[in-house]
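Structure record follows, encoded as structure tokens.
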Amino acid sequence: MVVPCFNEEDVLERTHARLTHALAGENVDLELIYVDDGSRDGTADVLRELLATDARVRVVRLSRNFGHQVAVTAGLDHATGAVVVLIDADLQDPPEVIAEMLARWRDGFDVAYGRRLDRAGETPLKLLTARWFYRVMNWISETPIPADVGDFRLLDRGVVDALKQMPEADRFLRGMVSWVGFRQTQVLYHREARAAGQSKYPLARMMRLAVDGILSFSNWPLRMSLWAGAALVVAGLVGAVCLCGLRFVGHESIADWSIVLAALAIIGGMQLLAIGAVGEYVSRVYRQSRGRPLYVTAERLGFAAVEQRRQTA
């Protein structure tokens, strides 16, 4: 299991207890990789306590907060299992659903993703924006992405290896998993309210993730600028003809300067919109071209036994 953590000291012990209990009867060789994404509270201390009491625990501490998607990526890079489950530490996604995901994997599926039937404890704004994001995303994206699905999912080792070959800096994992293909199925569940703490996805981060998803899997913003520019040219020509016609029949109240200002405002706005869309894509090309690592690891705990087994093998 890969469990990204950011300021989760209040819930980590409960999370660990539920994760281990949920798979107690599944007869699996369990490895729990907690990724501390630069927490500023006592998360690191709680993880050290869990490591001291449970030999199945592994801890990856990042040097700073790199963001949820990068923290999950760090966990995938360190995971060694035949299957990997991604789950957040806040217990909104119930660990008990993992058993059903495992059953789907044993039936031959490579990806079993959790699809939310409802979302307890969420604000109306977040529910509305999440609902419409997936609908809009599937309308403009070249890669279909299941609606009402987050990062809570089970991945076969083949899928994990495919994701590790995708080094893009602006990551949208649920879209990347859809892109790689393989046999995928859904597991329906009811999402719970946070067990403790505050949401790590405020509106600003949600918008950032939405932008990453759209720009990573769609050229629609660029095409929209092209279509809008074409529409503006047509509208300008029609408007010019109409206004000249009105002036010709005696409507002297229509001043030339008002026509010019209106046209300039529209054209200027469209140019800024187009430049902004192109700039977003160019900035992503620039970030990718720098070749910086996605994350920096400050500390790795509990991996000595894993590395010894690899050397023996």
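The values are calculated or read from the model by the stated rules, or taken from the named source; none is laboratory data. Keep in mind it's a predicted model, so treat the numbers as computed, not measured. Positions of Cβ are backbone-derived with ideal geometry, glycine not excepted, and every protein chain shown enters the neighbour counts. Ligands, DNA and RNA are excluded from the accessible area calculation, which covers all protein heavy atoms including side chains. Shrake-Rupley method; radii C 1.70, N 1.55, O 1.52, S 1.80 Å.
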Filter the stretch 141-192 for residues that are aromatic (F, W, Y) and part of a loop (DSSP other than H, G, I, E, B); which is most open to solvent (accessible area, probe 1.4 Å)?
F182
Conditions first: (1) open to solvent by less than 10 Å² (accessible area, probe 1.4 Å); (2) aliphatic (A, V, I, L, M); (3) modelled with pLDDT of 90 or more. M137 passes all but one, so which condition is the exception?
(3)
Do you know which of the residues in the stretch 1-44 that are part of a helix (DSSP H, G or I) and of a type in the set (S, T, Y) is farthest from A99 (Cα to Cα)?
T43
Count, please, the residues in the stretch 51-69 that happen to be open to solvent by less than 70 Å² (accessible area, probe 1.4 Å) and closer than 13 Å to V35 by Cα.
13
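Out of L47, L23, which single residue is over 23 Å from the mean Cα position of the chain (by Cα), open to solvent by 10 Å² or more (accessible area, probe 1.4 Å) and either more than 20 Å from M176 (Cα to Cα) or in contact (Cβ under 8 Å) with a residue 12 or more places away in the chain (or both)?
So the residue among L47, L23 that is over 23 Å from the mean Cα position of the chain (by Cα), open to solvent by 10 Å² or more (accessible area, probe 1.4 Å) and either more than 20 Å from M176 (Cα to Cα) or in contact (Cβ under 8 Å) with a residue 12 or more places away in the chain (or both) is L23.
Determine if the stretch 113-120 includes at least one residue that is touching a strand residue (DSSP E or B) at 6+ places or on another chain (Cβ under 8 Å), at pLDDT 85 or above, surrounded by fewer than 20 Cβ atoms within 10 Å (Cβ to Cβ) and more than 30 Å from F303 (Cβ to Cβ). Outline the logic, then answer.
Filtering the stretch 113-120 down to residues touching a strand residue (DSSP E or B) at 6+ places or on another chain (Cβ under 8 Å) leaves 113-120.
Checking which are at pLDDT 85 or above leaves us with 113-115.
After this cut, where a residue has to be surrounded by fewer than 20 Cβ atoms within 10 Å (Cβ to Cβ) as well, the list is 115.
Among the residues that remain, those that are also more than 30 Å from F303 (Cβ to Cβ) are: 115.
Looking through the stretch 113-120, at least one residue is touching a strand residue (DSSP E or B) at 6+ places or on another chain (Cβ under 8 Å), at pLDDT 85 or above, surrounded by fewer than 20 Cβ atoms within 10 Å (Cβ to Cβ) and more than 30 Å from F303 (Cβ to Cβ).
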